[in-house]
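Student: Structure below; questions to follow.
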Amino acid sequence: MLSNHPFRSALAAALFVSLSCATVAPAHVAAQAPAERDNTAIKPEPRSGGWMTRHESFNARVEKGSVDLLMIGDSITHGWESSGREVWQKFYGKRNAVNLGIGGDRTQHVLWRLENGNIKGISPKLAVLMIGTNNCGSNTPEEIAEGVDAIVKKLRKELPKMKVLVLAIFPRGEDDNHGGRKVNMAANKLIAKQADGKMVHFLDINGKFLTDDRILTREVMPDLLHPREKGYGIWAEAMEPTVAKLMGEK
């Protein structure tokens, strides 16, 4: 679902939220995470302003039906409508695909959206989920993985015939020493274990974005988080065989 609706300001504002993990170190997160604290990543929570407007536009779109493929996520998914526009048209323009990405979203925000109309009355073949990087500044890897699992369980409950492809949270920061990337890498190891290989699948394409030395360059992601057009091309090419297979095209 590509749209010229004026959500660019909301997407731009979300960059600040997304970049908040830039200096987070897993050791610090662990030190600040009492074992018995509530996990905010699994508690559905809405946002306000332009976020709610975009959420409601998703509901209006799915009410029209003809949805075979869902892309669910945060600003990185939202960006298919800007930097990734041409790549989207090439790979998904004829697949009845709907973009359910909102800049700045965390797992709890996606959960709220799924409970409030984003998947009501549709029967897609496949949902691609990539979420969690915005949680890395406030949640542990275990909590993030639990948030992703809650989303998958919600999708499976509401759309039991739909397959779910969970992507590893994309790399952020220049290298593996970046605090936010460390949190996400640890979360990815846990998220991978949630796949059953039947209705829920896990795919890690992160190496495709990195050099042999695991460096993320600005040629791929100019702010070391959000892909430019080249990055979206890498993304689409890397997951295309899996998408085609899970959608029953091959």
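The values are calculated or read from the model by the stated rules, or taken from the named source; none is laboratory data. Being a predicted model, the structure only gives us computed values, none of them experimental. Positions of Cβ are generated from backbone atoms using ideal geometry, with glycine treated the same way; all protein chains shown enter the neighbour counts.
Student: Name the residues in region 49-84 that are under 24 Å from LEU246 (Cβ atoms) and either in a helix (DSSP H, G or I) or among the basic types (Lys, Arg) (or both), would you? Quick ask: steps written out before the conclusion?
Tutor: Quick first cut of region 49-84, residues under 24 Å from LEU246 (Cβ atoms) only: 58, 61-62, 64-74, 76-81, 84.
PHE58, ARG61, VAL62, LYS64, ILE76, THR77, HIS78, GLY79, TRP80, GLU81, listed by residue number.
Student: Then there is this: Within region 75-93, take every residue that is buried (at least 24 other Cβ atoms within 10 Å of the Cβ) and among the hydrophobic types (A, V, I, L, M, F, W, C) and give me the one that is farthest from HIS226 (Cα to Cα).
Tutor: TRP80
Student: Only residues that are surrounded by 13 or more Cβ atoms within 10 Å (Cβ to Cβ), without any contact (Cβ under 8 Å) to a residue 40 or more places away in the chain, of a type outside the set (A, V, I, L, M, F, W, C) and in a loop (DSSP other than H, G, I, E, B): list them for region 183-213, please.
Tutor: Matches in region 183-213: ASP204 only.
Student: Same structure again: Would it be correct to say that LEU216 is among the aliphatic types (A, V, I, L, M) and more than 18 Å from the chain's Cα centre (by Cα)?
Tutor: On the way: among the aliphatic types (A, V, I, L, M): yes; more than 18 Å from the chain's Cα centre (by Cα): yes.
Yes: the conditions hold for LEU216.
Student: A further question on this structure: Of GLY173, GLY147, GLY248, GLY180, which residue is surrounded by 19 or more Cβ atoms within 10 Å (Cβ to Cβ), small (Gly, Ala, Ser) and either modelled with pLDDT under 95 or not in a helix (DSSP H, G or I) (or both)?
Tutor: None of the others qualify; the one that does is GLY173.
Student: Within region 45-67, how many residues are touching a Pro at 6+ places or on another chain (Cβ under 8 Å) and buried (at least 18 other Cβ atoms within 10 Å of the Cβ)?
Tutor: Within region 45-67, residues that are touching a Pro at 6+ places or on another chain (Cβ under 8 Å) and buried (at least 18 other Cβ atoms within 10 Å of the Cβ) number 2.
Student: Then there's this: Report yes if GLY132 is crowded, with 18+ Cβ neighbours inside 10 Å, farther than 20 Å from PRO44 by Cβ, in contact (Cβ under 8 Å) with a residue 12 or more places away in the chain and among the small types (Gly, Ala, Ser), otherwise no.
Tutor: no
Student: For the condition in contact with a strand residue (DSSP E or B) (Cβ under 6 Å, 6 or more places away or on another chain) and either modelled with pLDDT of 95 or more or among the charged types (D, E, K, R) (or both), what is the one hit in THR140, THR107, THR77, THR53?
Tutor: Of the residues listed, the single one that is in contact with a strand residue (DSSP E or B) (Cβ under 6 Å, 6 or more places away or on another chain) and either modelled with pLDDT of 95 or more or among the charged types (D, E, K, R) (or both) is THR77.
Student: Sticking with this one: Assuming LEU216 fulfils every condition listed in (1) surrounded by fewer than 16 Cβ atoms within 10 Å (Cβ to Cβ); (2) touching a Leu at 6+ places or on another chain (Cβ under 6 Å) apart from one, which condition is it?
Tutor: Unmet condition: (1).
Student: Right, next: Which residue out of ILE72, ILE102, ILE42 is surrounded by fewer than 21 Cβ atoms within 10 Å (Cβ to Cβ) and within 23 Å of SER138 (Cα to Cα)?
Tutor: Every option except ILE42 fails the conditions.
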